[in-house]
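Okay, so here's the structure we're looking at.
Just so it is clear, none of the values below were taken in a lab; they were calculated from the coordinates. On a predicted model such as this, the values are computed, not experimentally measured, just so you know. Don't worry about glycine lacking a Cβ; one is built from the backbone with ideal geometry, like all the others, and counts go over all protein chains shown.
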Amino acid sequence: MPRTILNVEGIHKIYSLGSFFKRLRINALDDVSFSVESDDPVVISLIGESGSGKTTLLKVLLRLVEPNRGRIDVEDRPIVAAGERTLPDDELLRLVQPIFQNPFEAFNAYRTVDKYLRDTAVLVNRLARGHEAEGAIDETLESVGLHYGDVVGKYPNQFSGGELQRVSVARALIPRPKLIVADEPVSMIDASLRMNIVNLFRKIKQEFATSFLYITHDLATAYYISDYIAILYRGCVMEFGAAADVLRRPLHPYTQLLLDSVPQVGVKWTAREKMSDLETTEYAFAGCKFANRCPHAMPRCRSVRPAAIRPKKGREVYCHLYAEPRDQTDSEAVGVG
Amino acid sequence: MKSNATHVHGEAASRRETVDISLRDVVGTYTTVRGTVNAVDGVSLDIAGGGIIGVAGESGCGKTTLLKLLYGNVEYPLSLTRGSIRFNLDGMPITHETIRRYWFRRIAYIPQSSMSSLNPVIRIRKQFLDRAGYSQDNVFQGARGRRQQRETLERVRQYLRELDLPVEVLDSFPHQLSGGMRQRVMVALATFFHPDIILADEPTTALDVVVQKGILLLLAEVQEALRNTILIVTHDMGVHYQLTHRMVIMYAAKIVEYGPTEEVFSRPLHPYTKMLIESLPKVGDDRVRQGAKGKPPSLYSELRGCRYAPRCPKAQAICRKQEPELAELSPGRRAACFFPEE
Amino acid sequence: MGWNIRLKIGLAILLFFVVLAFGVSWLAPVDPSAQGSYLPYLPVSADHLLGTNALGQDIFWFLTESVRNSMILGLTVAACTTLISLAVGLVAGYRGGKTDRFIMLLNDSFIVIPTFPILIVLSSLVRGRAGFPAIVAILIAFGWAWNGRTIRSVALSVREREFINMARFSGCRTARIVVQEIFPYVYAYTVVGFINSILYAINIEAALAIIGLSDVETPTLGSAVYWPNTYSAIMTGNYVWIGAPVVAISLLFLGLFLTSTGYNQYFAERRGHS
């Protein structure tokens, strides 16, 4: 039976902003669910723009923030689950490790970078200081293409963005985690150097059997590296499935919009899209959050939240366009929509 | 917007002369704790006006500094230590010293982060009015009288409608608007006075792709209507492909290639340009792609010869000793390379 | 990255005073505060570098002991307030939430209470015999709040930085994070706060002493001004008696101020560099 690499179930996270008089509730994550089962390591991409909730989901997964509802399991072990016993912190660190977006922010400017490598080896891997720890560090640095001598004793500002991100990857790799969560890991790196890091992820996935949760808004690298893709918009999953499928044959209108908007070399843009100005109000929509901007919006879309429709195994789309005709007539008869 | 635009701006458009930009051995130097560094190191180019011209390159290539020098925003620690920048406006030469008089009216600047140029405690409508005092049209002169202010605001509202912006933004403070909306307001602010040149520094880098597309197309429409010149700096080659008519590629503080965008993409002359284009991943492209090898040289050290030579697969002895000129290899096409691609 | 000129001059002045206070002052031939050791009103000479005063004390030796006592006072107060403000600021800043609000409530109450009037009231109640330790205690009690708030804001802002998360995932616990990750950012403020605390302590003690509410028998910079003032030294033409401590206080404050701002500048430049 294939193991569940990542199971996200019914995650809700509500942020409350504003003052005593006027509170604004934002459903940063609104019933987010998706699940990937596999015997082999996979790369799952979480694609969304700002306000999609991808960063919030990352924080929930890393247990930096508690969700209002829902659960998350990694490799069949409970990470987040209300009322249940979840993985203790030290075991979490050996199972899941993060890579952050801005390598210059991810390291303390006052510390040498190897401080974090050493801490991880000693505190997470429980290796002894000195030979053991240094050996593990050396080995991991080599696998990301860096030399120990080039890294040790240096401060973050002595590295380039790409190099520093590699050090970050090495640090995350030291505990040999089963899942590495990478938050926009290449967005701050020059375009021509991005593929170096992306290819490194591929290599790590194969050599160390580590799965990746790759959070990004960059469809091109996501396409290149992912096995599965989940598209998020305003805290809701819009579409999920195998990467090539979702990006080559997008079902959801939002996915199609995203693909159309990427400035690709080769095909020129034609039309201007309708702009979204109602950002904060969109979070509170009862129906589909994309209804306001969707060229195919129907009356039903504004009042009823689409449920997951599975056109085939492993593929999900949350859109009324794909609902069975039978379902639609039933609800119309009842007077909904 | 198109039909309205020609009608409303028709007058301004027919008055427009193309602006030529002339850079002669421009050197822009930063004074830092570690010493001085030439972020732009001897750049010479004549750029004919009209159309959208892109300046591409990666971190440290000098494109943002070049834009700052062009705009005349040269303050410590940046200084123009050599060379000259001249604009040819209506046959009148403007140098980087005299350019301040033309800010807002004839040359406008769209920065990367709108929050740093919009006064956070002033409503948007006042930001328009403040700049109205600098406009070239007679109607805007002395916009102090209330009636004139109302008239100006009416024109602003009309312009916003043309750009498909909700007129309510005028009553808002900058922080009440989303990033995308703010940037569109910046575009409106910058273009309202029909400037001859618009300089945009990574105007959409911080924005989502969908919003980005909207703003870039807006810029394209504005350029088409006003028939002016837009210089856009961005590292995103996809944006250059979609938006620009001509391109300048920079590497390590120098210009390495120049030409019409379509040609630069289909037949890049400089090995760096070629490498840049080939390393970009594309949706739907299953080929294995490799990232670039190596990194640009440190501008603090002594540099000799072609700056790309250490990474160039075609580098020969002469490349390491002598610096190639930005030579015109065919009409309108320039590359700084001894062995350009064919 | 060199020290700037301010820092150099400031430290030079402080060095001079330190040598004076802790090196030279022990060499006094007799207890400087003992009255009648010498003939009064002796002029400046080789035996009496600044002459003697109306009470028969050697002005120079009295001054050096004053400097020493004032500096001990300043350093003690500064050390204690720095430790307290560090503890308060780091805990409040890192913990955040209710802990932060509660601590800051306490903190702000101390900021708001005016130190000097309270000291006047307390001192006058004890009628000029406020022992030195009592004064030190009060100065410490009122001196930590300002820096506490500063350190707390730094800690709050650093807590949001990404490298804190990285430290967490490298296995670091709270105490380690506070000391290794947050403290370096707080360090500069601590140094400046320390120096400012010395200034504050000496300043207030001197002010109290001048109006006679401190322990004026013990030589401090304040009492060194109190006595000539009481004896109307200016009227009687004993300019050296009152001039010497005034110049000394001014110079010492100048030294502290230059060191504080010079270090600030040095640190800012270094930060820009890194």
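Chain B has equivalent-ellipsoid semi-axes of 37, 22, 19 Å, by the square roots of 5 times the alpha carbon gyration tensor eigenvalues, sorted largest first. Going from the fewest other Cβ atoms within 10 Å to the most, the residues B:D25, B:D236 appear in the order B:D25, B:D236.
The tail of the calculated P(r) for chain A beyond 25 Å holds 56 percent of all Cα-Cα pairs. Among DSSP beta bridges lying fully in chain A, give the percent that are antiparallel, nearest 5. Roughly 65 percent of the DSSP beta bridges within chain A come out antiparallel.
Across chain A, C-alpha contacts under 8 Å between residues 6 or more apart give a mean separation that, scaled by the residue count, equals a relative contact order of 19 percent. Compare B:V233, B:V43, B:V256 in a GNM of chain B, Cα atoms joined below 10 Å, and give the one with the largest fluctuation. Greatest mean-square fluctuation among the candidates belongs to B:V43.
Per residue, the average separation of C-alpha pairs within less than 8 Å and at least 6 apart gives chain B a relative contact order of 21 percent. What share of the DSSP beta bridges in segment A:172-271 is antiparallel, in percent to the nearest 5? If we restrict to bridges inside segment A:172-271, about 55 percent are antiparallel. Comparing C:S123, C:S232, C:S153 in a Gaussian network model of chain C, where Cα atoms under 10 Å apart are tied by springs, the biggest mean-square fluctuation is seen for C:S232.
Rounded to the nearest 10 degrees, the angle from helix A:131-143 to the longest Cα principal axis of chain A is 50 degrees. Counting Cβ atoms of other protein chains within 10 Å of each Cβ in A:115-123 and taking the mean gives 4.
The length gained by stretching the chain between B:S266 and B:E325 to full extension, at 0.36 nm per residue less their Cα-Cα distance, is 19.0 nm. On the basis of the beta-carbon distance and an R0 of 22 Å, B:W103 and B:R34 show a calculated FRET efficiency of 0.10. At an R0 of 35 angstrom, the distance between the Cβ atoms of B:L45 and A:S187 translates into a FRET efficiency of 0.70. For B:R289, A:R77, the sequence from fewest to most other C-beta atoms within 10 Å is A:R77, B:R289.
Here the Karplus relation 6.51 cos²θ - 1.76 cosθ + 1.60, evaluated at θ = phi - 60°, turns the backbone of segment B:71-88 into coupling constants of 6, x, 8, 10, 10, 3, x, 8, 8, 8, 8, 7, x, 9, 10, 10, 10, 10 Hz, with x for every Gly and Pro.
Given the DSSP H assignment, sum -39500 (n - 2.57) over each helix run of at least 4 residues in chain C and divide by its residue total; what's the result at 222 nm in deg cm²/dmol, nearest 500? The helix contribution divided over chain C gives -23500 deg cm²/dmol.
Residues of segment B:296-323 with backbone nitrogen within less than 15 Å of a virtual label 7 Å along the Cα-to-Cβ line of B:E278, please, listed as ranges. Zone members listed by number: B:311-315.
For A:K313, a cut-off of 15 angstrom between C-alpha atoms picks up these aspartates and glutamates, skipping any fewer than 8 places away in its own chain: A:E37, A:D227, A:E239, A:D245. Remark: B:I94, C:I198 ranked as B:I94, C:I198, counting other beta-carbon atoms within 10 Å and listing the fewest first.
Residues whose amide H lies under 5 Å from that of B:R82, counting only those 5 or more places away or on a different chain, are B:V27; hydrogens are built 1.01 Å from N in the peptide plane. With a simple spin-label model that places each label point 7 Å from the Cα along the Cα-to-Cβ direction, the separation between B:D90 and C:L105 comes to 6.7 nm. Here the gap between A:H131 and A:L95, fully extended at 0.36 nm per residue and compared with their Cα-Cα distance, gives a gain of 10.6 nm. Taking label points 7 Å from Cα along the Cα-to-Cβ direction, B:E341 and A:D150 give a separation of 2.6 nm. Legend: distances between Cα atoms for A:K154/B:K314; A:K13/A:K178; B:K274/B:K314; B:K63/B:K274; pairs beyond 23 Å are A:K154/B:K314; A:K13/A:K178. Using 0.36 nm per residue, how much length does the chain from A:H296 to A:N157 gain when fully extended, once their Cα-Cα distance is taken away? Length gained between A:H296 and A:N157: 45.1 nm. Over every pair of different alpha-carbon atoms in the protein assembly as shown, take the mean of 1/r and invert it; report that Kirkwood radius in Å. About 33.0 Å, per the Kirkwood formula over Cα pairs. The trypsin sites (Lys or Arg not before Pro) of segment A:187-235 include none that DSSP puts in a loop with a beta carbon having at most 16 other beta carbons within 10 Å.
The simple Förster model, with R0 at 41 Å and r as the Cβ-Cβ distance, assigns A:R63 and C:Y231 a FRET efficiency of 0.05. Among C:G171, C:G89, C:G243, the residue with the largest mean-square fluctuation in a Gaussian network model of chain C, with springs joining Cα atoms closer than 10 Å, is C:G171. Listed by chain and number, the aspartates and glutamates whose alpha-carbon sits under 16 Å from that of B:K254, ignoring those within fewer than 8 places in the same chain, are B:D25, B:D41, B:D46, B:E58, B:E302, B:E323, B:E325, B:E328. Distance between the modelled labels on C:D31 and C:V247, one decimal in nanometres: 2.9 nm (7 Å Cα→Cβ projection).
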